[in-house]
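**Student:** Below is a structure I'd like to ask you about.
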Amino acid sequence: MNQTLWLIAAIVMGIAALAAAAVMYKRIVAESAGNERSKQVAGWIEEGAESYLKKLYSALILVAGVLSVVIAVAFGSQGGEKGGLMHGIEMAICFVVGAAFAAIAGYIGMMIAVKANVRTAVAAQKGLVPAFRLSFDAGTVMGLATVGVAVIGMAVIYWIFGDPSYVLGFSFGASTLALLAKAGGGIFTKTADIAADLVGKVEVGIPEDDPRNPAVIADNVGDNVGDVAGTGADIFDSYVASTVAAMLLGASMFSDPMYAFLPLVVCVIGVAASLIGVQFVRVKEGGKPGTALNMGTILTCVFLAAGMLVVVALTAIPWAIFYATLIGLITGVLIGFVSDYYTSDEHKPVLETARVSGSGSAVNIITGFSYGLVSVIPSVIGIVVATLASYFVTEALMPGSGIYGIGIAAVGMLSVSGMIVSSDAYGPIVDNARGIAEMAGMEEDVIVTCDKLDAAGNTAKAITKGFSISAAALTVLAIFHAYGEEVVAASATLTKLNMDLASPLIIAGVFLGAIAPPLFSALLMLSVTRNAFDMIEEVRGQFRDDPGILAGTSLPDYAKCVGMAAHGALRSLIGPAFIAIGAPLGVGLLLGPEALGAFLGGAIITGVILALLMTNAGGLWDNAKKFVETGQYGGKGSEAHKAAVVGDTVGDPFKDTAGPSLNTLITVMSLAASFFAPVIATLSLMK
């Protein structure tokens, strides 16, 4: 295979994705933004989202600057073939570029979302079909831009340096920013969402997006900075991390350089498949948006499989690569549909949770949590099957290459990220559209149409998060092996990692790793509750001090709530950031590289289980609430509705803050371990 031609193809395909996104963006912004009232509401949301991102990115620039200096010094002080000051500077540059590219992916998503939300609401006046098309096309802008930027970045860095370890630096930068962007955005959005729901819907009894609610603009801003900008950076990170893990394995396990850049080949075909697949996502009048989104995902996977089949048949790529990619694709789809089953209002878990809500909040929460626990089982079995199948199929056809097959399966699972991100971004866009429709005083049938779109968006987000979490599990297994290779290569004493559970250091590492995801989740959710408490008091205070707000004669102070959410989110990131980067490095330096390997193993297990539980349970509670709001079991204002709102409030930080951040956490910890493996092997106190 001609490496240069494929690298050129990757860059060209990335540019094609960005060009298609630009064309769609131009077409979307040409649509009507409605009357002065709808434009005013959309302007408040856009202003708040841009303000928060500026503050977040300003803080992250400082974090990236400090870490880049640490990286330059740490790698610059290393001896050997890759040591020296210039090596340290190059690695620091790759780190900064990765962080910058992830920031760009998130910003592009936010930019299109705040333009498309109001236009979707206006389009909903014409019916479900035009509103769905506009909102999904807006999500597609983000999806294509994310994979376009990622493929270009990876291809250019690999072309310049010819070494996957530099792409690892790029990935580490992307992951670090993604973790903080996703966690910060998640804290922001759920702070406002909980305050708006508990005071507005439960205490005062006003509708969800009533303009009299002081927290309503902050809630809608949160959709953009958390579910759009944060998720864009998050999936960018997962996409790059899975690719670089397989690239590292290819470089270490094979003498043929083809295997180092082969994961990029899969990405190129995946971008092409996504470009084609998004064109088929259309809903007919009377059709179901969720079905259209699911069909788009399936067709994109079919196009990728067909593309891989042609490329493998015409080149020297082994058939094992095709089978491993196919295993990853099939597993991703199956796990996605497990999430669909547990979060869709067409299936028993949501319907049963809605039914029992009439018995109170406690029964609603217990039922939803229980179904969330059960949902973990088929997903984990799917991950296990994918791991074993990709390993043994690759091992049978390419002896000694089983681990590489796992890495390729992870790449295959996320190679359709263009479609995955498009479906994910669709959700918050239609959620915002629903809010704007209500705040702008649009007709009830417009709000009903937006509710239909929003319910499909909740399920779509659960499915795409299932893809991401599952891929993260396979990715970190590949990174784990790459970590071992890096440690052994840098160590003067180790010939392989000893992971004997009889060793107290290994057991210590497993336990320390196992508690990291629960602690991380607790810090995020406690931040949400602490910040939400402050905002609840602010909302109550505004209602109490200005009776004209509820009377509709004066406007609430929206900016105060937006500012509170932003400040609370930013101040809450220090602890989670330390766990992600400081904990694995501390374990490695204090207890040794083998204990760090055990730490990663413990973190992977609990991280994946908690992420699946929280994501599925949260989506289930949300759609159970929406099902009651359709008029079932007493409808809005009933006891069942009040209980369902409380359940949804519990699920909000589950599905939008802690859950989706956990797959980024285990990726960041694994990348940090692999990235600093040479330093850990050299400086560890217990070698």
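**Student:** If you scan the range 654-677, which residues turn out to be closer than 20 Å to Ser375 by Cα and either open to solvent by 10 Å² or more (accessible area, probe 1.4 Å) or free of Cβ contacts under 8 Å to residues at least 12 places away in the same chain (or both)?
**Tutor:** Once the filter is applied, which keeps residues that are closer than 20 Å to Ser375 by Cα and either open to solvent by 10 Å² or more (accessible area, probe 1.4 Å) or free of Cβ contacts under 8 Å to residues at least 12 places away in the same chain (or both), the range 654-677 yields Phe654, Lys655.
**Student:** Hey, another quick one. Give me the helices (runs of 4 or more DSSP H) completely within the range 558-641, filtered to those with at least 1 residues that are in contact (Cβ under 8 Å) with a residue 12 or more places away in the chain, out of contact with any helix residue (DSSP H, G or I) (no Cβ under 6 Å at 6 or more places or on another chain) and within 29 Å of Asp445 (Cα to Cα), ordered by residue number.
**Tutor:** Working: elements: 558-571, 574-577, 583-591, 593-629.
Correct list: 593-629.
**Student:** Of all residues in the range 112-146, how many are without any contact (Cβ under 8 Å) to a residue 40 or more places away in the chain and farther than 26 Å from Gly441 by Cβ?
**Tutor:** In the first step, residues of the range 112-146 are kept if they are without any contact (Cβ under 8 Å) to a residue 40 or more places away in the chain; the result is 126, 130.
Next, only the ones that are farther than 26 Å from Gly441 by Cβ stay: none.
Going through the range 112-146 one residue at a time, the tally reaches 0.
**Student:** Take the conditions touching a residue at least 40 places away in the same chain (Cβ under 8 Å), farther than 22 Å from Leu570 by Cα and among the acidic types (Asp, Glu) and apply them to Glu31. Does it pass? Break it down stepwise before answering.
**Tutor:** Values: touching a residue at least 40 places away in the same chain (Cβ under 8 Å): yes; farther than 22 Å from Leu570 by Cα: yes; among the acidic types (Asp, Glu): yes.
Yes; evaluated as a whole, the condition is true for this residue.
**Student:** Which condition number does Gly607 fail, the rest of (1) modelled with pLDDT of 90 or more; (2) surrounded by fewer than 24 Cβ atoms within 10 Å (Cβ to Cβ); (3) under 30 Å from Thr387 (Cα atoms); (4) of a type outside the set (A, V, I, L, M) being met?
**Tutor:** (2)
**Student:** Considering each of Lys288, Lys201, Lys284 in turn, give the residue that is touching a residue at least 24 places away in the same chain (Cβ under 8 Å), closer than 30 Å to Leu550 by Cβ and not hydrophobic (A, V, I, L, M, F, W, C). Step through it out loud before you land on a result.
**Tutor:** Details: Lys288 fails: closer than 30 Å to Leu550 by Cβ; Lys284 fails: closer than 30 Å to Leu550 by Cβ.
Step by step, each of Lys288, Lys201, Lys284 is checked, and only Lys201 is touching a residue at least 24 places away in the same chain (Cβ under 8 Å), closer than 30 Å to Leu550 by Cβ and not hydrophobic (A, V, I, L, M, F, W, C).
**Student:** Being assigned to a helix (DSSP H, G or I), of a type in the set (S, T, N, Q), closer than 30 Å to Leu555 by Cβ and open to solvent by 60 Å² or more (accessible area, probe 1.4 Å) is the filter here; which residues of the range 1-40 pass it?
**Tutor:** Taking the range 1-40 first, the residues assigned to a helix (DSSP H, G or I) are 3-29, 36-40.
Pick out the ones that are also of a type in the set (S, T, N, Q) and you get 3-4, 38, 40.
Add one more test, that the residue is closer than 30 Å to Leu555 by Cβ, and what stays is 38, 40.
Selection gives Gln40 alone.
**Student:** For residues in the range 190-215 being open to solvent by less than 10 Å² (accessible area, probe 1.4 Å), modelled with pLDDT of 85 or more and in a helix (DSSP H, G or I), which is farthest from Met525 (Cα to Cα)? Step through it out loud before you land on a result.
**Tutor:** Within the range 190-215, the subset open to solvent by less than 10 Å² (accessible area, probe 1.4 Å) is 190-192, 195-197, 199-200, 209, 213-215.
Pick out the ones that are also modelled with pLDDT of 85 or more and you get 190-192, 195-196, 199, 213-215.
This time we only want the ones that are in a helix (DSSP H, G or I), so: 190-192, 195-196, 199.
Numbers: Lys190: 9, Thr191: 10, Ala192: 13, Ala195: 14, Ala196: 17, Val199: 19 Å.
Residue satisfying both the conditions and the ranking: Val199.
**Student:** On the basis of being over 17 Å from Ala471 (Cβ atoms), in a helix (DSSP H, G or I) and open to solvent by 50 Å² or more (accessible area, probe 1.4 Å), does Val363 make the cut? First the steps, then the outcome.
**Tutor:** Numbers: over 17 Å from Ala471 (Cβ atoms): yes; in a helix (DSSP H, G or I): yes; open to solvent by 50 Å² or more (accessible area, probe 1.4 Å): yes.
In short, yes.
**Student:** Looking at Val167, Val149 in this structure, which one is touching a residue at least 12 places away in the same chain (Cβ under 8 Å) and either open to solvent by 10 Å² or more (accessible area, probe 1.4 Å) or closer than 21 Å to Leu453 by Cα (or both)? Give the steps one after another, and end with the answer.
**Tutor:** Details: Val167 fails: either open to solvent by 10 Å² or more (accessible area, probe 1.4 Å) or closer than 21 Å to Leu453 by Cα (or both).
Exactly one of Val167, Val149 is touching a residue at least 12 places away in the same chain (Cβ under 8 Å) and either open to solvent by 10 Å² or more (accessible area, probe 1.4 Å) or closer than 21 Å to Leu453 by Cα (or both), namely Val149.
**Student:** For Ser58, state whether it is of a type in the set (Gly, Ala, Ser), assigned to a helix (DSSP H, G or I), open to solvent by 40 Å² or more (accessible area, probe 1.4 Å) and without any contact (Cβ under 8 Å) to a residue 40 or more places away in the chain. Before the answer, list the steps.
**Tutor:** Numbers: of a type in the set (Gly, Ala, Ser): yes; assigned to a helix (DSSP H, G or I): yes; open to solvent by 40 Å² or more (accessible area, probe 1.4 Å): yes; without any contact (Cβ under 8 Å) to a residue 40 or more places away in the chain: yes.
The answer is yes for Ser58.
**Student:** A further question follows. In the range 278-287, is there at least one residue being part of a helix (DSSP H, G or I) and either open to solvent by 10 Å² or more (accessible area, probe 1.4 Å) or basic (Lys, Arg) (or both)? Full working, then the answer.
**Tutor:** Start the filter on the range 278-287 by keeping residues that are part of a helix (DSSP H, G or I), which leaves 278-280.
The next check asks that each one be either open to solvent by 10 Å² or more (accessible area, probe 1.4 Å) or basic (Lys, Arg) (or both); those that pass are 279-280.
Scanning the range 278-287 turns up at least one residue that is part of a helix (DSSP H, G or I) and either open to solvent by 10 Å² or more (accessible area, probe 1.4 Å) or basic (Lys, Arg) (or both).
**Student:** State yes or no: is Ile93 open to solvent by 50 Å² or more (accessible area, probe 1.4 Å) and either over 31 Å from the mean Cα position of the chain (by Cα) or within 22 Å of Ser165 (Cβ to Cβ) (or both)?
**Tutor:** Values: open to solvent by 50 Å² or more (accessible area, probe 1.4 Å): yes; either over 31 Å from the mean Cα position of the chain (by Cα) or within 22 Å of Ser165 (Cβ to Cβ) (or both): yes.
Here the answer is yes, as Ile93 does meet what is asked.
**Student:** Now, a different point. Taking the range 300-329 as the search range and keeping residues that are surrounded by 20 or more Cβ atoms within 10 Å (Cβ to Cβ) and polar (S, T, N, Q), which one is nearest to Leu397 (Cα to Cα)?
**Tutor:** Only one residue tops the list, namely Thr325.
Each row is one residue, and each column tells you yes or no for (1) among the small types (Gly, Ala, Ser); (2) within 21 Å of Met91 (Cβ to Cβ).
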position	(1), (2)
Phe578	no, no
Gly619	yes, no
Thr649	no, no
Thr667	no, yes
Val679	no, yes
Leu683	no, yes
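**Student:** Restricting to the range 98-125, count the residues that are over 19 Å from Thr231 (Cα atoms) and surrounded by fewer than 24 Cβ atoms within 10 Å (Cβ to Cβ).
**Tutor:** 1
Residue-by-condition table, conditions (1) free of Cβ contacts under 8 Å to residues at least 40 places away in the same chain; (2) assigned to a helix (DSSP H, G or I):
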| residue | (1), (2) |
| --- | --- |
| Ala316 | no, no |
| Ile321 | no, yes |
| Ser370 | yes, yes |
| Ile377 | yes, yes |
| Ile406 | no, yes |
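The values are calculated or read from the model by the stated rules, or taken from the named source; none is laboratory data. Keep in mind that what you see is a predicted model, and the values were worked out from it rather than measured. Positions of Cβ are backbone-derived with ideal geometry, glycine not excepted, and every protein chain shown enters the neighbour counts. To get the accessible areas, we keep the full protein, side chains included, count just its heavy atoms, and leave off ligands, DNA and RNA. Shrake-Rupley method; radii C 1.70, N 1.55, O 1.52, S 1.80 Å.
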